[in-house]
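One structure below.
The values are calculated or read from the model by the stated rules, or taken from the named source; none is laboratory data. The model shown is predicted, which means the values in this text are computed figures rather than measured ones. Heads up, the Cβs are rebuilt from the backbone with ideal geometry, glycines too, and the neighbour counts pull from every protein chain shown. Just so you know, the surface numbers come from the protein's heavy atoms only, side chains and all, with ligands and any DNA or RNA stripped out. Shrake-Rupley method; radii C 1.70, N 1.55, O 1.52, S 1.80 Å.
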Amino acid sequence: MAPNDVDLAEESADLDGYFSDAPLDPEPNYPVLRETFDTAVVLTNLPKAPAAKAEKLTKVVSRLVSKIGPLAITENFAGLQIPTDPTTGDTLGFAFIEYVSAVDAAQAVKSLADYAFDKNHKLTAIPYIQALDLEQIEEGEFTEPEPAPFKEKADTSSWLQDPSQRDQFVVRHAKETVVNWSDGRHPPIVDYDGAREKEAGVAWCDYYVQWSPHGNYLVTMIPSKGIILWGGKNYEKIARYPCPGVDVVLFSPCERFILTNNNDAQDPEGIKIFSVQTGKLLRTFPIFPKDFIPENLSPAEKQHIRPPPFQWSHDDKYLARMGKDLISI
């Protein structure tokens, strides 16, 4: 017998019993097919970084988007991709993000909208499925839209120009809300009592009223709908913010933001933060932070726990909230 045949015979003997005559019928174990893109987000208006700084930019963006929720990390994908120019390696100013949860992706679209990434870049976030719709837009000659007619905004500091140097105060009684002038020497004089709204058959306040810190705005509440911002000499309606059930309003010190609270512990968006200037909803919070209420308390005891307060910084740049054994900023 040739040497090679001897080797093969010995190898065959060693492998005897390792093989089966049963037919092979393997069942593939494929990952679950996702038929939607509801966990994916496109982030635009990022800085266009040179190739040498692309890795650093990726780390900064990754830290930012990971604060909203866990990313969908796999063996070949880190949950974040910032495309680069194939020639230069420079980043192209946008990124693809994929979250584990569609809820986190939806929150990212809200939280990252108009986010000041740096002094020159405000981010824009859109759902990936919405970005796909751009492919359906037909190419053609661009026609510049007509600008909206100019509308002069109300002078919210007009009360400071009162020739008699009077102050104002507002009284809420029964179903009436009345703003008065007062100089401390004479009886108050009515400045506005919602006459315009009464004539139109609508209410300008149903519940509570509050001035902003600098007196530029007056907030009235209609709990079934939300809050309305008024200002100017004639108390013009400046903005409306939808927040059903609202019963607490808190302005930031510089009047750039407004926080509303409906005190509904079952509402995951019971607390809302709006931009005063744009009216956009910037962020939402539950009434109680996670794990704030001890589990060993009875339902009656839980009802007596007050929600932890919020506190703005003096310059509106930061918002702090107490949590369980921590302060979140």
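How many of the residues making up region 149-198 are among the aliphatic types (A, V, I, L, M) and either assigned to a helix (DSSP H, G or I) or open to solvent by 70 Å² or more (accessible area, probe 1.4 Å) (or both)? So that I can check it myself, show each step before the final result.
To start, the set of residues in region 149-198 that are among the aliphatic types (A, V, I, L, M) comprises 154, 160, 170-171, 174, 178-179, 189-190, 195.
Still in the list and also either assigned to a helix (DSSP H, G or I) or open to solvent by 70 Å² or more (accessible area, probe 1.4 Å) (or both): 160, 174, 189-190, 195.
Result for region 149-198: 5.
Taking region 118-129, which residues are in a loop (DSSP other than H, G, I, E, B) and over 20 Å from G279 (Cα atoms)?
Initial filter on region 118-129 (in a loop (DSSP other than H, G, I, E, B)): 119-120, 123.
Correct list: K119, N120.
For region 59-70, does any single residue satisfy the condition of being within 25 Å of the chain's Cα centre (by Cα), open to solvent by less than 20 Å² (accessible area, probe 1.4 Å) and farther than 16 Å from A125 by Cβ? Show your work before the answer.
First pass over region 59-70, keeping only residues within 25 Å of the chain's Cα centre (by Cα): 59-70.
Okay, now just the ones that are also open to solvent by less than 20 Å² (accessible area, probe 1.4 Å), so 61, 65, 69.
This time we only want the ones that are farther than 16 Å from A125 by Cβ, so: none.
Scanning region 59-70, I find no residue that is within 25 Å of the chain's Cα centre (by Cα), open to solvent by less than 20 Å² (accessible area, probe 1.4 Å) and farther than 16 Å from A125 by Cβ, so the answer is no.
Quick check on region 322-329. Is at least one of its residues in contact with a Phe, Trp or Tyr (Cβ under 8 Å, 6 or more places away or on another chain), surrounded by fewer than 13 Cβ atoms within 10 Å (Cβ to Cβ), of a type in the set (A, V, I, L, M) and closer than 23 Å to K110 by Cα? Even if it seems obvious, please write down each step before you answer.
Step one: list which residues in region 322-329 are in contact with a Phe, Trp or Tyr (Cβ under 8 Å, 6 or more places away or on another chain), which gives 323-324, 329.
Those left that are additionally surrounded by fewer than 13 Cβ atoms within 10 Å (Cβ to Cβ): 324, 329.
Cutting the leftovers down to of a type in the set (A, V, I, L, M) gives us 329.
Next, from what is left, pick out any that are closer than 23 Å to K110 by Cα: 329.
Yes, the conditions are met somewhere in region 322-329.
When you go through (1) under 30 Å from A195 (Cβ atoms); (2) among the charged types (D, E, K, R); (3) under 18 Å from the mean Cα position of the chain (by Cα) one by one for R321, which number turns out not to apply?
R321 satisfies all of (1) under 30 Å from A195 (Cβ atoms); (2) among the charged types (D, E, K, R); (3) under 18 Å from the mean Cα position of the chain (by Cα) except (1).
Does V65 satisfy being among the hydrophobic types (A, V, I, L, M, F, W, C), more than 22 Å from S275 (Cα to Cα) and at pLDDT 90 or above? Before the answer, list the steps.
Details: among the hydrophobic types (A, V, I, L, M, F, W, C): yes; more than 22 Å from S275 (Cα to Cα): no; at pLDDT 90 or above: yes.
Criteria not met by V65.
Does C254 qualify as being of a type in the set (A, V, I, L, M, F, W, C), out of contact with any strand residue (DSSP E or B) (no Cβ under 7 Å at 6 or more places or on another chain) and under 23 Å from A113 (Cα atoms)?
Working: of a type in the set (A, V, I, L, M, F, W, C): yes; out of contact with any strand residue (DSSP E or B) (no Cβ under 7 Å at 6 or more places or on another chain): yes; under 23 Å from A113 (Cα atoms): yes.
Spelling it out, C254 is indeed of a type in the set (A, V, I, L, M, F, W, C), out of contact with any strand residue (DSSP E or B) (no Cβ under 7 Å at 6 or more places or on another chain) and under 23 Å from A113 (Cα atoms).
Are there any pairs, at least 6 apart or on different chains, whose C-beta atoms fall under 8 Å, with the first in region 129-140 and in contact (Cβ under 8 Å) with a residue 40 or more places away in the chain and the second open to solvent by 90 Å² or more (accessible area, probe 1.4 Å), and if so, which?
Pairs found: I129/F37; L132/F37.
Mind listing just one residue for me: the one in region 277-309 that is more than 19 Å from G323 (Cβ to Cβ) and touching a residue at least 24 places away in the same chain (Cβ under 8 Å) and, of those, least open to solvent (accessible area, probe 1.4 Å)?
Top of the filtered list is G279.
Would a scan of region 297-307 turn up a residue that is assigned to a loop (DSSP other than H, G, I, E, B), more than 16 Å from S111 (Cα to Cα) and modelled with pLDDT of 80 or more? I'd like the intermediate steps shown before the answer.
So the first thing to find is which residues in region 297-307 are assigned to a loop (DSSP other than H, G, I, E, B), and the list is 297-298, 304-307.
Now restrict to residues that are more than 16 Å from S111 (Cα to Cα): 297-298, 304-307.
Keeping just the survivors that are modelled with pLDDT of 80 or more gives 306-307.
The answer is yes, given that some residue of region 297-307 is assigned to a loop (DSSP other than H, G, I, E, B), more than 16 Å from S111 (Cα to Cα) and modelled with pLDDT of 80 or more.
For (1) closer than 11 Å to V41 by Cβ; (2) of a type in the set (K, R), each residue gets a yes or a no:
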residue: G93; (1), (2): no, no
residue: I97; (1), (2): yes, no
residue: S101; (1), (2): no, no
residue: A106; (1), (2): yes, no
residue: K110; (1), (2): yes, yes
residue: D114; (1), (2): no, no
residue: I126; (1), (2): yes, no
residue: Q130; (1), (2): yes, no
residue: E135; (1), (2): no, no
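Return the residue satisfying two criteria in turn: it lies in region 225-238 and is part of a loop (DSSP other than H, G, I, E, B) and open to solvent by less than 60 Å² (accessible area, probe 1.4 Å), and of such residues it is nearest to D155 (Cα to Cα). Walk me through how you get there before you give the answer.
Keep residues of region 225-238 that are part of a loop (DSSP other than H, G, I, E, B), which gives 225, 232-235.
Among the residues that remain, those that are also open to solvent by less than 60 Å² (accessible area, probe 1.4 Å) are: 232, 235.
Details: G232: 5, Y235: 10 Å.
The selected residue is G232.
Within region 84-117, how many residues are surrounded by 15 or more Cβ atoms within 10 Å (Cβ to Cβ), of a type in the set (D, E) and not in a helix (DSSP H, G or I)?
So the count comes out to 2.
Quick check on F77: is it closer than 17 Å to L57 by Cβ and either within 18 Å of the chain's Cα centre (by Cα) or open to solvent by less than 60 Å² (accessible area, probe 1.4 Å) (or both)? Give the derivation first.
Working: closer than 17 Å to L57 by Cβ: no; either within 18 Å of the chain's Cα centre (by Cα) or open to solvent by less than 60 Å² (accessible area, probe 1.4 Å) (or both): yes.
Taking the combined requirement at face value, the residue does not satisfy it.
Filter region 130-148 for residues that are among the hydrophobic types (A, V, I, L, M, F, W, C) and part of a helix (DSSP H, G or I); which is surrounded by the most Cβ atoms within 10 Å (Cβ to Cβ)? Full working, then the answer.
Taking region 130-148 as the starting set, the residues that turn out to be among the hydrophobic types (A, V, I, L, M, F, W, C) are 131-132, 134, 137, 142, 148.
Those left that are additionally part of a helix (DSSP H, G or I): 131-132, 134.
Values: A131: 16, L132: 12, L134: 9.
Ranking the qualifying residues of region 130-148, first place goes to A131.
Can you pull out the residues in region 89-133 that are over 29 Å from E269 (Cβ atoms) and not acidic (D, E)?
G89, T91, L92, G93, K119, N120
Under the condition of being open to solvent by 50 Å² or more (accessible area, probe 1.4 Å) and of a type in the set (S, T, Y), which residue from region 199-217 is modelled with the highest pLDDT? Reasoning before the result, please.
Residues of region 199-217 that are open to solvent by 50 Å² or more (accessible area, probe 1.4 Å), as a first pass: 199-203, 206-208, 211, 213-214.
With the extra rule that they be of a type in the set (S, T, Y), the set shrinks to 207-208.
Details: Y207: 83, Y208: 86.
My answer is Y208.
Kindly indicate whether F274 is open to solvent by less than 60 Å² (accessible area, probe 1.4 Å), farther than 24 Å from L160 by Cα and free of Cβ contacts under 8 Å to residues at least 24 places away in the same chain.
Values: open to solvent by less than 60 Å² (accessible area, probe 1.4 Å): yes; farther than 24 Å from L160 by Cα: yes; free of Cβ contacts under 8 Å to residues at least 24 places away in the same chain: no.
Spelling it out, it is not the case that F274 is open to solvent by less than 60 Å² (accessible area, probe 1.4 Å), farther than 24 Å from L160 by Cα and free of Cβ contacts under 8 Å to residues at least 24 places away in the same chain.
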